[in-house]
Amino acid sequence: RFVTKYRFRKKSQQINDQDRLQSHDFSFETSYRQASKSSLNLSLSVIKVDFEGSSNTPVGFEMLEGLKNGQNYIWNINYTRRLDNNVDFIVNYEGRKTGDSRIVHIGRAQVKASF
């Protein structure tokens, strides 16, 4: 399965109209499933943010939603493998590159048993 999305957003502060945001979000998702054995999900988002205002204020932080002015990249890989009838092994990797900041990598592993 493949999914492609585009989202355009425009925000402005209603009190004094000093903070303005315009963003273009291009997303791609794909998933592969092997019946009752495993699944692999991949996603990638490229978000172009044009923000005018102060990002160090609560309003600016809320409008940016954790992103930075400029190009932002967010990706995710999730792999699930059924080890037994009631035991699953799950590995998740997330990464993000926001604006001029360094890349952030997050990895998780989990074994889940259902009773």
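The values are calculated or read from the model by the stated rules, or taken from the named source; none is laboratory data. Keep in mind that this is a model prediction, so the values were computed, not measured. Methodologically, a virtual Cβ is constructed for each residue, glycine included, from the backbone with ideal geometry; neighbour enumeration extends over all protein chains shown. Surface accessibility is based on the protein's heavy atoms, side chains included, excluding ligands, DNA and RNA. Shrake-Rupley method; radii C 1.70, N 1.55, O 1.52, S 1.80 Å.
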Next item on the list: Please work out which residue is modelled with the highest pLDDT, limiting yourself to the range 1-30 and to residues that are in a loop (DSSP other than H, G, I, E, B) and either open to solvent by 60 Å² or more (accessible area, probe 1.4 Å) or closer than 19 Å to Ser43 by Cα (or both).
Entry: Arg1
Margin query: Out of the residues in the range 43-58 meeting the condition of being assigned to a strand (DSSP E or B) and open to solvent by 70 Å² or more (accessible area, probe 1.4 Å), tell me which one is nearest to Thr98 (Cα to Cα).
Written below: Lys48
Note to self: Tell me whether the range 105-113 contains one or more residues that are surrounded by fewer than 14 Cβ atoms within 10 Å (Cβ to Cβ), aliphatic (A, V, I, L, M), touching a Gly at 6+ places or on another chain (Cβ under 9 Å) and farther than 22 Å from Phe8 by Cα.
What the structure shows: yes
Next item on the list: For residues that are aliphatic (A, V, I, L, M) and under 15 Å from Gln34 (Cβ atoms), tally how many sit in the range 72-89.
Entry: 1
Item checked: Residue check, Gly60 in contact with an Asp or Glu (Cβ under 8 Å, 6 or more places away or on another chain), of a type outside the set (Val, Ile, Thr) and farther than 17 Å from Val91 by Cα -> yes
Notebook entry, point to check: Taking into account only those residues within the range 59-82 that are at pLDDT below 90 and over 20 Å from Phe26 (Cα atoms), which is least open to solvent (accessible area, probe 1.4 Å)?
Noted result: Gly60
Checklist line | the range 1-26 residues that are under 18 Å from Gly53 (Cα atoms), paired with ones that are polar (S, T, N, Q) and outside any loop (DSSP other than H, G, I, E, B) (beta carbon under 7 Å, 6 or more apart) | finding: Arg9/Ser23; Lys10/Gln22; Asp19/Ser12; Arg20/Ser12
Margin query: Exactly one of these conditions fails for Leu67: (1) over 27 Å from Gln14 (Cβ atoms); (2) in contact (Cβ under 8 Å) with a residue 40 or more places away in the chain; (3) not basic (Lys, Arg). Give me its number.
Written below: (1)
